[in-house]
Amino acid sequence: MGEARVRQVEFAGAIGASGQEPPGRHPQVAVAGRSNCGKSSLINALIGRKKLARVSQVPGKTREINFYLINGEFFLTDLPGYGFARAPEEARDHWRRLIEAFLTDNDELTGIIVLIDARRGLQPQDEQLLAWLAELEIPALFALTKIDKLNRSGRKRAEDKLRADLDLPPDQIIATSAHSGEGVDMLRDSLFALVDSRSTEAV
Ligand SMILES: Nc1nc2c(ncn2[C@@H]2O[C@H](COP(=O)(O)OP(=O)(O)OP(=O)(O)O)[C@@H](O)[C@H]2O)c(=O)[nH]1
Ligand SMILES: [Mg+2]
């Protein structure tokens, strides 16, 4: 396996409407989750940059798919969040079209990192995404975010609940915090392993 280290990262471009092409042909791993669950913050932590991915003060602001090229080899992709309660129907339709087009017929898509806010757990709004992942057989990694906000018992409850909800073995859910850095190295290792598994497969 290649070394799980981010040596170089650059913003490569964005897609704002379905039908647009990604900014280059590289394997992609996308980060998805509800609005405000901490996607951009965790991407910054994973790539070791404080401000490359924009962290929003106003939830539901990101409407584009943003591509970050890692080591000149693969894209880490920041997907717009979903499930923002006050989002108008039109915004939800936009999200659905954009993400469905991105997930469907995307030969470069190697996997998805699904982020779940540790204080909220799996929500009904996550179901559309999970249904697509299952239907399209897209490999997924699952991580709880903002784990620093919970005490020991709250954290155990959140981990147990998500494992039960997703019916996954314990080692497939990583508890993370973009603020304390907990779990970030582990998630990065899993991310690189996912990308490696693809290049091995292609040979
Ligand atoms: N305590 C704590 N707060 C966090 C953490 N990660 C993100 N936040 C905060 O949560 C808010 C949303 O973070 P973002 O990274 O913008 O979340 P996002 O999922 O990209 O949001 P959208 O792009 O709007 O969907 C910000 O105020 C962050 O500072 C974390 O690990 N711990
Ligand atoms: Mg964001």
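Numerical summary
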read-out	value
Any hit, the range 41-55, residues being under 10 Å from the mean Cα position of the chain (by Cα) and modelled with pLDDT of 80 or more	yes
Some residue of the range 177-184 being assigned to a loop (DSSP other than H, G, I, E, B), under 26 Å from Q128 (Cβ atoms) and either without any contact (Cβ under 8 Å) to a residue 24 or more places away in the chain or among the β-branched types (V, I, T) (or both)	no
Meets criteria (of a type outside the set (G, A, S) and out of contact with any strand residue (DSSP E or B) (no Cβ under 8 Å at 6 or more places or on another chain)) for D126	no
Residues of the range 5-21 classified as assigned to a loop (DSSP other than H, G, I, E, B) and surrounded by 16 or more Cβ atoms within 10 Å (Cβ to Cβ), total	1
Whichever residue in the range 95-127 is of a type in the set (S, T, N, Q) and buried (at least 16 other Cβ atoms within 10 Å of the Cβ) and, among such residues, is farthest from the chain's Cα centre (by Cα)	Q125
Residues being crowded, with 17+ Cβ neighbours inside 10 Å and either in contact with a His (Cβ under 7 Å, 6 or more places away or on another chain) or not in a loop (DSSP other than H, G, I, E, B) (or both) - total across the range 156-176	7
Residue match in the range 71-94 (condition: aliphatic (A, V, I, L, M), in contact with a helix residue (DSSP H, G or I) (Cβ under 9 Å, 6 or more places away or on another chain), within 30 Å of R155 (Cα to Cα) and assigned to a strand (DSSP E or B))	yes
Hits in the range 22-40 (condition: in a strand (DSSP E or B) and over 17 Å from the mean Cα position of the chain (by Cα))	none
Residue in the range 164-182 that is within 16 Å of ligand 2 (Cβ to nearest atom), of a type in the set (D, E, K, R) and modelled with pLDDT of 95 or more present	no
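The values are calculated or read from the model by the stated rules, or taken from the named source; none is laboratory data. Quick caveat: nothing in here was measured; it's all calculated off a predicted structure. Reconstructed Cβ throughout: ideal geometry from the backbone, glycine too, with neighbour counts over all protein chains shown.
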